[in-house]
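The values are calculated or read from the model by the stated rules, or taken from the named source; none is laboratory data. Treat the numbers as computed from the prediction; the structure is a model and nothing was measured. For neighbour counting, all protein chains shown are included, and Cβ atoms are generated from backbone atoms with ideal geometry for every residue, glycine included.
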Amino acid sequence: MKLKNIWFIGTGNFAALCLEGLIKNGLTFSKIVTGLPTRSGRNGKENPSPVELKSEALGLAATRTGKLNDNAELIAELENETPELIFVIDFGQIIKEPFLSSPKYGCLNIHPSLLPEYRGAAPIQRALLDGKNYTGVSVFQLVKAMDAGAILAQEKSFIPDDFNASDLYRELSKMGSRIAAEALEKIPEFDLTPQDDSQATFADKLNKNDFEISFSMTAKKFCDTVRALDMSGGAYVVIENKRVKIWRAKFHNEISKGPGLVVSCEDNPVIACSDFCVELIEVQSEGKKRTTGGEWSRGLRLKIGDILL
């Protein structure tokens, strides 16, 4: 049975990717709701949300809202033409009644983790920071408690060694959209599996301490942190009291002879960490543009045996 009246509520980049993915997988939405634009610059330039921009690109209209739970027009529309289902993804607001339980099949969310693992704001980043070699995506029913609703569909995904958070972000949005659409094909059956709260872990928001890395770390931890933060502003290492952002790095299994030691600089520099070494592939000095590790190395005139502190 194909649902005819589905709403989509979302604001951020992950929501925009999922909106596109769900439509590609055959879903149609009778209403798209998104947050208000942000403003920037001296003139207060209006910046529509990623979902609004994606809707426009797809030839669809998006309805802007401030606090959803206070929007009388949307509440009236919800009550008069109640949707069968609402997708709420990356919206940035807590969803309350009557939105939670008015739809026949409730509200669904696509979350980029294997719930109950990594409930919360930064599941992709925290999985990479923790050095995981796998993650996944869950389609679950919204309840009042954060990310705690019963699971409709779930799929595991191994993380390629060269994947940054942004790569994983795109892949999990595609996977989540696909398994959500496949699960909806089984309606009117709606097979929900309760989460085991005793197994829950939490993906807290990133804090400023997460962003600083050093060559005194293990090489794996250094690379995992770089991978985790590429879409969140980038990890940085302090060299000669200046921040240098590392956008891409690669693990090298050469045994370290001391943190910060330049092992090679023929192309991208290879620097020793506490145990093994890392190759700096993409770098950005403070106040400058991104560049290859090799260009950065030549600009500093690095040579083998130098120590970066």
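The condition (being in the same structural domain as Ser173 (by TED's automatic domain parsing) and over 24 Å from Gly106 (Cβ atoms)) is satisfied by just one residue among Gly41, Gly10, Gly21: Gly41. Applying the criterion of being among the aromatic types (Phe, Trp, Tyr) and within 21 Å of Leu19 (Cα to Cα) to the residues of the stretch 105-161, the residue that is surrounded by the most Cβ atoms within 10 Å (Cβ to Cβ) is Phe140.
Identification of helices (runs of 4 or more DSSP H) wholly contained in the stretch 1-109 with 2 or more residues that are without any contact (Cβ under 8 Å) to a residue 40 or more places away in the chain and out of contact with any Leu (no Cβ under 9 Å at 6 or more places or on another chain) yields 50-57, 72-80. Checking Lys174, Lys245 one by one, the residue that is assigned to a helix (DSSP H, G or I) and modelled with pLDDT of 95 or more is Lys174 and no other.
Kindly establish whether Thr218 is surrounded by fewer than 16 Cβ atoms within 10 Å (Cβ to Cβ), among the hydroxyl-bearing types (Ser, Thr, Tyr), touching a residue at least 24 places away in the same chain (Cβ under 8 Å) and outside the structural domain of Asp161 (by TED's automatic domain parsing). So Thr218 fails the test.
Rundown of residues vs (1) more than 27 Å from the chain's Cα centre (by Cα); (2) outside the structural domain of Thr218 (by TED's automatic domain parsing); (3) part of a strand (DSSP E or B), yes/no style:
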position	(1), (2), (3)
Ala249	no, no, yes
Ile255	yes, no, no
Gly258	yes, no, no
Val262	yes, no, yes
Asn268	yes, no, no
Gln284	no, no, yes
Gly287	no, no, no
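Thr218 passes every criterion in (1) at pLDDT 95 or above; (2) within 20 Å of Ser113 (Cβ to Cβ) apart from (2).
Given (1) surrounded by 16 or more Cβ atoms within 10 Å (Cβ to Cβ); (2) part of a helix (DSSP H, G or I), where does Leu280 come up short, assuming only one miss? Leu280 satisfies all of (1) surrounded by 16 or more Cβ atoms within 10 Å (Cβ to Cβ); (2) part of a helix (DSSP H, G or I) except (2). In this structure, Asp167 does not qualify as out of contact with any Phe, Trp or Tyr (no Cβ under 6 Å at 6 or more places or on another chain) and assigned to a loop (DSSP other than H, G, I, E, B). Each residue in the stretch 178-208 was checked for being free of Cβ contacts under 8 Å to residues at least 12 places away in the same chain, among the polar types (S, T, N, Q) and either outside any helix (DSSP H, G or I) or in the same structural domain as Ser256 (by TED's automatic domain parsing) (or both), and 1 pass.
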